[in-house]
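What follows is one structure encoded as structure tokens, with my remarks underneath.
The values are calculated or read from the model by the stated rules, or taken from the named source; none is laboratory data. Nothing here was measured: the structure is a model prediction, and the numbers come from that model. Note: ideal-geometry Cβ built from the backbone for every residue, glycine included; neighbour counts use all protein chains shown.
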Amino acid sequence: MRFAIEKEIFIKGLARIQGIVEKKNTIPILANVLIEAVDGEIQLTATDLEVGMKASYPATVSSPGKITVSAKKLYEIIKELPEQEIDFNAKENCWIEIRCGKAYFNIVGLSAEEFPYFPHFQKEQFVSVDGTLLKEMIDKTFFSISTDESKYNLNGIYFRPVEKDGQQLLRLVATDGHRLSLIQKPLDVSHIEQLSKGVIFPRKGIFELKKMAEDNDGELLIGFFDNNAVIQKNQTVVVMRLIDGEFPDYNRVIPQNNDLTVIIPRDSFLHALRRMSILSSEKSKGVKIEIKENLLEMSSSNPEFGDAREDIEVEYQGEEISVGFNARYLIDILNAQNEEKICLSLRDKLSPGLITPCENQEYLAVIMPMRL
Amino acid sequence: MIRSIIHLDLDAFYASVEQHDEPQLRGRPVLVGGRSGRGVVCACSYEARRYGIHSAMPMAKALRLCPAAAVRPVRMERYRQFSRRVFAIFARFTDRIEPLSLDEAFLDVSGCERLFGKPAEIAAQIKAAVRQETGLTISAGVAANKFLAKLASDHEKPDGLYVVPHPPDNFLLPLPLKRLWGVGPVTCQRLEKLGLRTVADLRQLSEARLAQLFDSAGRQLYRLARGEDQRPVVVASARHSIGHEDTFDHDLQNPLELHRSLLDLAERVATRLRGKGLAGSVVQLKVRYADFSTVTRRRTVDPPLDSAMTILQVAEELLLRTDAGQRPVRLLGISLSQLQEGHEVQGELFGVEKRDRLSALDGAVDQLRQRYGAKGVQRASLMTGARFESAPKTGGDGRDGS
């Protein structure tokens, strides 16, 4: 196999698959990228058996074929090459020669035979989604995904269609058991059978999906095969195995009767929280919030350093209430918003709090208080 | 400044606790330890020491030396109770306490004179309080540093109180060299070959000569021979982890036995965590195979755990990532680290009712154990003689009858 490719194109393709290759090194070939040279393009494939990606890039192919090689090492080499055309030549014995300018590399590859099979897909089975829309929906939920591996059913974002006032919506929900984010946008996906009961996209796949949505605007194609989701955009295909588990009954934990509602300017709240969190305890990030008439007071204390307090003007007429929250959780939510004002609704110091943009019914976040 | 250090050491601690609990054993030789084939003497009363018995001696040999001795099993939980009470007495006099074990500690009482009197008086007060409140006797050594204080507590044991004079020469010089800290059998032999027997003999050697013979240990010997020791009393720092491990009588391979052993460990770790009001976010499992090779597996969990069943669940999952079951297992251990105190607790969205009920159950069990001892309430599958296949129908109230 032999092809010539512009460095700039090759490095972009190799950078893209670095996040996919298996890092734990349990199956050696999964640390490799599969390179296939076909007519006028090369295809780069990587997989960790949970999430796989295949993308094609223009190249001058003089002899078609395929080879695999350490994705990380190849990336390191190509990154340091001069900005010129690269000559990539894989020989019968799986050794690979790379020439660029006056640089010459002779590296060992591995036969493509053992690389896992990457399925082909028919375009007709896909539904088209606006990339910008999907990116916003992911941005406003993904921070709530659990990082606790033992809670595997929370290690992703839950997707499902819902109907509201006759309108078809796509809803995304993520939770780590302490907080929950939910967003829904008008998008008719009710006809996708696999989606009807809801599916959980894995965290790693979500990150790839987000990158694809961010990479230029335009449409993404999403489809489902067996227990996999397939996402296609231009010349890139990502396949991810959906999480095989039941998403918890999240509707039960969304507060319905939180009568103490305070309207808070988002920007001042966010900056004050960042300051307060510096002195909250390293692990729990607890910040105390006291709400009085038109005033919200925040304070934090750290037995080793000292304490801090700050207040901001808010709109509030209810009874005085004091509650503790993990500052990180609040900051994550506020960071993902762009509204000028947000509403925080509470019931008491132990029940979940509800945060919504004041002017918008599409988004909500629930966070559990902490006992300080 | 001259420091005032007290070393306190309970006399024949385990055996004394047994004599306390069974008054008919008082004045009789008592051995604490396992009676079975491989058992050794963990502790023995002073009456037993007269027969030449000492701790770590095989039980069979001890019983040949003194067939009339009463043998009692080790009851660690009971000793801990006494230990806690004794340490609570120490804490009335100073917060600078360095525990060495359950029955031994250094106290730094420098600067406490105005409050409690001279160091020797403080030591006497502690001895009296320990005797009065726990019925145990404790030996005390008072000196200007830890090295001398420890020598002193041993000087008039049992029930001793010795104050090392200043300068300490009259006390120190006649002592045999093996009493010095850091002088083991090997060093002792080398010193004897040089014709040295007592601290006074050692005094004759220069620092350079000692350094030449024993490197840095030589410099330490030089200082110890002069009764010098600058080590501070190190107050026990906060715990980093809480764990238990068990070496089995026979290697385990049966999954049910492994499960049962993990349950037992999880139960003990959880009880200790709750006793200290802590919960841990990292669960570590340790597995030692029959060939002594050892592996550990760990997982970070959220929220932090303090309940046996949830710890067990994680431990079982970790066990699947080892060869336990395929290879025979000699030792299992569970420990929790990244401990945090319960007072700053992040609330949970899901499964709150179930968790609340579990923790109420744990609390009730803890209270029962406080009243009736560790075996007052037990899981049915951990009862002695419980069959692995299924929990026995009778005895479901969890009593083992002992």
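How do the helices (runs of 4 or more DSSP H) wholly within segment B:119-198 filter down when requiring 1 or more residues that are in contact with a Cys (Cβ under 7 Å, 6 or more places away or on another chain) and over 19 Å from B:Ala12 (Cβ atoms): which remain? Lay out the reasoning, then the answer.
Values: elements: B:119-134, B:146-155, B:169-172, B:185-193.
Passing ranges, in order: B:119-134.
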Testing B:Ala279 on (1) touching a Pro at 6+ places or on another chain (Cβ under 7 Å); (2) in a loop (DSSP other than H, G, I, E, B); (3) more than 30 Å from B:Phe214 (Cβ to Cβ), one condition comes back false. Which one is that?
(2)
What residue, of A:Glu315, A:Glu320, is of a type in the set (D, E, K, R) and under 13 Å from A:Leu344 (Cα atoms)?
A:Glu315
Does A:Ile342 meet the test of being under 16 Å from A:Phe269 (Cα atoms), part of a strand (DSSP E or B) and touching a Pro at 6+ places or on another chain (Cβ under 9 Å)?
yes
Hits in segment B:219-245 (condition: more than 21 Å from B:Ala149 (Cα to Cα) and at pLDDT 85 or above):
B:Ser241, B:Ile242, B:Gly243, B:His244, B:Glu245
Residue within segment A:86-108 that is out of contact with any Asp or Glu (no Cβ under 8 Å at 6 or more places or on another chain) and under 23 Å from A:Lys204 (Cβ atoms) present
no
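So which residues in segment A:309-319 are surrounded by 13 or more Cβ atoms within 10 Å (Cβ to Cβ) and closer than 16 Å to A:Pro265 by Cβ, if there are any at all?
A:Glu310, A:Asp311, A:Ile312, A:Val314, A:Glu315, A:Tyr316, listed by residue number.
Across segment A:249-266, which residue is nearest to the other protein chains (Cβ to nearest Cβ) among those that are among the aliphatic types (A, V, I, L, M) and over 12 Å from A:Glu340 (Cβ atoms)? Don't jump to the end; show me each part of the working.
Filtering segment A:249-266 for residues among the aliphatic types (A, V, I, L, M) gives A:253-254, A:260, A:262-264.
Filter once more, keeping what is over 12 Å from A:Glu340 (Cβ atoms): A:253-254, A:260, A:262.
Values: A:Val253: 5, A:Ile254: 10, A:Leu260: 17, A:Val262: 19 Å.
My answer is A:Val253.
Could you say which residue among A:Glu315, A:Glu304 is at pLDDT 95 or above and acidic (Asp, Glu)?
On the way: A:Glu304 fails: at pLDDT 95 or above.
One residue alone meets the criteria, A:Glu315.
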Scanning segment A:4-34 for residues that are closer than 16 Å to A:Asp87 by Cα and touching a residue at least 60 places away in the same chain (Cβ under 8 Å), which turns out nearest to the chain's Cα centre (by Cα)?
A:Leu14
Quickly run through segment B:262-318 and pick out the residues that are in contact with a helix residue (DSSP H, G or I) (Cβ under 9 Å, 6 or more places away or on another chain), away from chain A (no Cβ under 14 Å) and basic (Lys, Arg).
B:Arg268, B:Arg274
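Only one residue in A:Phe118, A:Phe143 is among the aromatic types (Phe, Trp, Tyr) and under 30 Å from A:Ala365 (Cβ atoms), so which one is that? Talk me through it step by step, then tell me what you get.
Details: A:Phe118 fails: under 30 Å from A:Ala365 (Cβ atoms).
Being among the aromatic types (Phe, Trp, Tyr) and under 30 Å from A:Ala365 (Cβ atoms) holds for just one of A:Phe118, A:Phe143, which is A:Phe143.
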Among (1) touching a residue at least 60 places away in the same chain (Cβ under 8 Å); (2) not in a helix (DSSP H, G or I); (3) not polar (S, T, N, Q) - the single one B:Asp264 does not satisfy
(2)
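Confirm whether A:Ala336 is out of contact with any Gly (no Cβ under 7 Å at 6 or more places or on another chain), of a type in the set (Gly, Ala, Ser), more than 23 Å from A:Leu169 (Cβ to Cβ) and more than 10 Å from chain B (Cβ to nearest Cβ). Walk me through it before giving the result.
Numbers: out of contact with any Gly (no Cβ under 7 Å at 6 or more places or on another chain): yes; of a type in the set (Gly, Ala, Ser): yes; more than 23 Å from A:Leu169 (Cβ to Cβ): no; more than 10 Å from chain B (Cβ to nearest Cβ): yes.
So A:Ala336 fails the test.
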If you go through segment B:214-233 one residue at a time, do you hit one that is over 14 Å from B:Gly333 (Cα atoms) and within 14 Å of another protein chain (Cβ to nearest Cβ)?
no
Looking at segment A:149-163, which of the residues that are surrounded by 17 or more Cβ atoms within 10 Å (Cβ to Cβ) and not small (Gly, Ala, Ser) is modelled with the lowest pLDDT?
A:Lys151
Of these, A:Gly306, A:Gly353, A:Gly286, which one is surrounded by 15 or more Cβ atoms within 10 Å (Cβ to Cβ) and either over 29 Å from the mean Cα position of the chain (by Cα) or more than 30 Å from A:Leu133 (Cα to Cα) (or both)?
A:Gly286
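Kindly indicate the residue of segment B:333-372 that is part of a loop (DSSP other than H, G, I, E, B) and exposed (fewer than 12 other Cβ atoms within 10 Å of the Cβ) and also modelled with the lowest pLDDT among those meeting that condition. Explain how you work it out, then say what you get.
Step one: of segment B:333-372, the residues part of a loop (DSSP other than H, G, I, E, B) are B:342-344, B:347-351.
Right, trim to exposed (fewer than 12 other Cβ atoms within 10 Å of the Cβ) and you get B:343, B:351.
Numbers: B:His343: 48, B:Gly351: 77.
Here the answer is B:His343.
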Apart from one, (1) within 26 Å of B:Leu100 (Cα to Cα); (2) of a type outside the set (Ser, Thr, Tyr); (3) without any contact (Cβ under 8 Å) to a residue 24 or more places away in the chain all hold for B:Ala43; the odd one out is (3)
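Can we say A:Leu296 is modelled with pLDDT of 95 or more, aliphatic (A, V, I, L, M), under 18 Å from A:Leu346 (Cα atoms) and buried (at least 16 other Cβ atoms within 10 Å of the Cβ)?
Numbers: modelled with pLDDT of 95 or more: yes; aliphatic (A, V, I, L, M): yes; under 18 Å from A:Leu346 (Cα atoms): yes; buried (at least 16 other Cβ atoms within 10 Å of the Cβ): yes.
It is true that A:Leu296 is modelled with pLDDT of 95 or more, aliphatic (A, V, I, L, M), under 18 Å from A:Leu346 (Cα atoms) and buried (at least 16 other Cβ atoms within 10 Å of the Cβ).
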Is it the case that segment A:204-215 has a residue that's among the small types (Gly, Ala, Ser), in contact (Cβ under 8 Å) with a residue 24 or more places away in the chain and out of contact with any helix residue (DSSP H, G or I) (no Cβ under 7 Å at 6 or more places or on another chain)?
yes
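Working carefully through the options A:Ile42, A:Ile11, find the one that is surrounded by 22 or more Cβ atoms within 10 Å (Cβ to Cβ) and either of a type outside the set (Asp, Glu) or closer than 21 Å to A:Ser111 by Cβ (or both).
On the way: A:Ile11 fails: surrounded by 22 or more Cβ atoms within 10 Å (Cβ to Cβ).
The conditions single out A:Ile42.
Condition check ((1) under 22 Å from B:Pro174 (Cβ atoms); (2) surrounded by fewer than 23 Cβ atoms within 10 Å (Cβ to Cβ); (3) in contact with a strand residue (DSSP E or B) (Cβ under 8 Å, 6 or more places away or on another chain)) across all residues:
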{"position": "B:Ala88", "(1), (2), (3)": "no, yes, no"}
{"position": "B:Arg92", "(1), (2), (3)": "no, yes, no"}
{"position": "B:Pro99", "(1), (2), (3)": "no, yes, yes"}
{"position": "B:Ala129", "(1), (2), (3)": "no, yes, no"}
{"position": "B:Gln132", "(1), (2), (3)": "no, yes, no"}
{"position": "B:Ile138", "(1), (2), (3)": "no, no, yes"}
{"position": "B:Lys150", "(1), (2), (3)": "yes, yes, yes"}
If you check A:Phe269 against the conditions, is it within 14 Å of another protein chain (Cβ to nearest Cβ), buried (at least 18 other Cβ atoms within 10 Å of the Cβ) and either touching a residue at least 12 places away in the same chain (Cβ under 8 Å) or under 27 Å from the mean Cα position of the chain (by Cα) (or both)?
no
Of residues in segment A:165-189 being more than 30 Å from B:Asp302 (Cα to Cα) and not hydrophobic (A, V, I, L, M, F, W, C), the one nearest to the other protein chains (Cβ to nearest Cβ):
A:Lys185
Name the strands (runs of 3 or more DSSP E) wholly inside segment A:29-129 in which the number of residues that are out of contact with any Gly (no Cβ under 8 Å at 6 or more places or on another chain) is 3 or more.
A:32-38, A:41-47, A:51-58, A:65-70, A:85-90, A:95-100, A:103-108
Just name the residue that is farthest from A:Met212 (Cα to Cα) out of those in segment A:144-164 that are in contact with a Phe, Trp or Tyr (Cβ under 9 Å, 6 or more places away or on another chain) and away from chain B (no Cβ under 12 Å).
A:Arg160
